[in-house]
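The values are calculated or read from the model by the stated rules, or taken from the named source; none is laboratory data. Bear in mind that the values here come from a model prediction, so they are computed numbers and not experimental data. No Cβ is skipped: glycine too gets one built from the backbone with ideal geometry, and neighbour counts run over all protein chains shown. Areas reflect the complete protein model, heavy atoms only, side chains present, ligands, DNA and RNA absent. Shrake-Rupley method; radii C 1.70, N 1.55, O 1.52, S 1.80 Å.
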Amino acid sequence: MTNLKDMKNTKLLKSAKIIQPTSSFHNQSKDILISDGIITHIEDSISAKPEYEVIENENLHVSAGWMDIKANWREPGEEWRETLESGSKAAQFGGFTHVIVSPATQQPIDSKNRVEYIVNKASQLPIHISPLGTLSDKYEGNELS
């Protein structure tokens, strides 16, 4: 896995097919210049400069960030298996910008405190994370969470 600190700040994607139905560029192959994480130019051809990290692959596609609506991450309760931080890094590298975490953790997300724990911790992470809470306390079906 590439360390983000070692990557150049400007990336040039060459001949990337754009998949975005609401864009005028949908289904077109274009060069895309990205500076500090922001798309600055989309053109038929952009000349590479030495300071650019050039990314050119056969069948290179780009799209808006993806959303995972039910990630089974292990925090809270089994942080030794996976944390919100490790899960968010994996999601980010996979193209996901928003993840909804399942309440099926060792300590179910069944209280205001557990929801706030995830929301607060997620605010420091590179993607948007939303906790999904249980309907009943401890999944027992006796009391609402």
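Scanning region 13-43 for residues that are under 22 Å from the mean Cα position of the chain (by Cα) and part of a strand (DSSP E or B) yields Leu13, Ala16, Lys17, Ile18, Ile19, Ile32, Leu33, Ile34, Ser35, Ile38, Ile39, Thr40.
Lys138 fulfils the conditions (1) more than 22 Å from the chain's Cα centre (by Cα); (2) assigned to a loop (DSSP other than H, G, I, E, B); (3) more than 30 Å from Leu13 (Cβ to Cβ) except for a single criterion, (2).
Rundown of residues vs (1) modelled with pLDDT of 95 or more; (2) open to solvent by less than 40 Å² (accessible area, probe 1.4 Å); (3) in contact with an Asp or Glu (Cβ under 8 Å, 6 or more places away or on another chain), yes/no style:
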| position | (1), (2), (3) |
| --- | --- |
| Asn9 | no, no, yes |
| Leu13 | yes, yes, yes |
| Asp31 | yes, yes, yes |
| Ile42 | yes, no, yes |
| Glu51 | no, no, no |
| Val54 | yes, no, no |
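In region 82-95, the residues that are aromatic (Phe, Trp, Tyr) reach residues that are open to solvent by 40 Å² or more (accessible area, probe 1.4 Å) and part of a loop (DSSP other than H, G, I, E, B) with C-beta atoms within less than 7 angstrom, at least six apart or across chains, in these pairs: Phe93/Met1. The condition (being within 26 Å of Ile39 (Cβ to Cβ), modelled with pLDDT under 90 and open to solvent by less than 80 Å² (accessible area, probe 1.4 Å)) is satisfied by just one residue among Ala90, Ala64: Ala64. Given the structure, is Ile69 buried (at least 16 other Cβ atoms within 10 Å of the Cβ) and in contact (Cβ under 8 Å) with a residue 24 or more places away in the chain? Spelling it out, it is not the case that Ile69 is buried (at least 16 other Cβ atoms within 10 Å of the Cβ) and in contact (Cβ under 8 Å) with a residue 24 or more places away in the chain. Scanning region 105-132 for residues that are open to solvent by less than 40 Å² (accessible area, probe 1.4 Å) and outside any helix (DSSP H, G or I) yields Thr105, Pro108, Ile109, Asp110, Leu125, Ile127, Ile129, Ser130, Pro131. Do any residues in region 31-43 that are farther than 14 Å from Ser63 by Cα have Cβ atoms under 6 Å from those of residues that are open to solvent by 30 Å² or more (accessible area, probe 1.4 Å) and part of a strand (DSSP E or B), where the two are at least six apart or on different chains, and which pairs are they? Taking only residues 6 or more apart or on different chains, the pairs are Leu33/Thr40; Leu33/His41. Which of the residues spanning region 44-73 are among the β-branched types (Val, Ile, Thr), in a strand (DSSP E or B) and over 20 Å from Gly87 (Cα atoms)? The answer is Val54, Ile55, Val62.
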